[in-house]
Structure formats: structure tokens, C-alpha cells
Amino acid sequence: MSRGRREPLDSTPEFERLLEGATHRVRYVLRLYVTGATDRSSRAITNIRWFCERYLRGRYDLLVVDIYQQPSLARTHEIIAAPTLVKSEPLPSKRLVGDFSDHERLVAGLGIQKEPGGENT
């Protein structure tokens, strides 16, 4: 029985396609600072969660911090108003204050990038 010579499998094009998709997939790291269970805090939490699911689905991490419960985090991160949204990734970092009902302002303020081949709407 003779052994035929096998051609090497070239997976380079597939690997490069997957790598390109991974490098273009931007992940947003967000931290929302609120002050207890106030109406303004509740509205900000609701608005940010809705916004993230609509514009950043599958590519965000959101941590809600009650500065009454964790005042040291507010001091460490120099939070002087609430609600404050801090985007630490991707750089540059950004801070926005308000109830986050203006979605166009959020898109611009956070520098939201469209998913390759997809829509953010």
C-alpha cells in the first residue's frame, strides 16, 4: 500500500477572517454610579440597561454602584455627581452625568462604534 502525499491544510484565510472579526469587536466596560433608590437613579438604571441592550448587545459589561452603599468607590473614582456613567473601555475613558434618556447624546458621548456588518438601531 503506497502512501499518497497529502497537501497541507491551509487554514490561514479562515483564521485571518476570525481574527479580524475579533479585533473589530469592541467591548464596552461601563460603571454607573447612582444614589440609592431615588427616582432619578431608577430612571438612569432603566435607561442605561435599555440603551446597552439596544446599542451594545453582547459587547458590554455594566456595573451599577450605589455610592451610599460603597462610598469608597465614589471617592476612589472621584465621582462628584450622580447618576454618573463612566466608560473605562475602550479608551479614551468618558464620563457622562444625567438620566441618560437622550440616546443620541449617549452614542456620541460614549463613542459607540457600529458592529461590522451590523446595525446599532
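The values are calculated or read from the model by the stated rules, or taken from the named source; none is laboratory data. Values in this document were obtained by computation on a predicted structure and should not be read as measured data. Quick reminder, even Gly has a Cβ in these numbers, built from the backbone with ideal geometry, and neighbours come from all protein chains shown.
For this structure, a couple of remarks:
- Looking across the range 59-82, the residues that are over 14 Å from Arg40 (Cβ atoms) and loosely packed, with under 15 Cβ neighbours inside 10 Å come down to Arg59, Asp61, Leu63, Gln69, Gln70, Pro71, Ser72, Arg75, Thr76, Glu78, Ile80.
- Residue pairs whose Cβ atoms lie under 7 Å apart, separated by 6 or more positions or on different chains, with the first residue in the range 52-64 and under 21 Å from Ala37 (Cα atoms) and the second part of a helix (DSSP H, G or I) and of a type in the set (A, V, I, L, M, F, W, C), are Leu62/Ile48; Leu62/Cys52; Val64/Ile45.
- The residues on offer are Leu85, Leu32, Leu56, Leu19, and the sole one that is modelled with pLDDT under 95 and not hydroxyl-bearing (Ser, Thr, Tyr) is Leu19.
- Check on Leu85, in contact with a helix residue (DSSP H, G or I) (Cβ under 7 Å, 6 or more places away or on another chain), surrounded by 12 or more Cβ atoms within 10 Å (Cβ to Cβ) and of a type outside the set (Gly, Ala, Ser): yes
- Restricting the range 42-58 to residues that are surrounded by 14 or more Cβ atoms within 10 Å (Cβ to Cβ) and over 11 Å from Phe100 (Cβ atoms) leaves a set whose member that is farthest from the chain's Cα centre (by Cα) is Ser42.
- Enumerated strands (runs of 3 or more DSSP E) restricted to the range 43-106, each holding at least 1 residues that are among the hydrophobic types (A, V, I, L, M, F, W, C) and touching a Phe, Trp or Tyr at 6+ places or on another chain (Cβ under 7 Å): 60-66, 84-89
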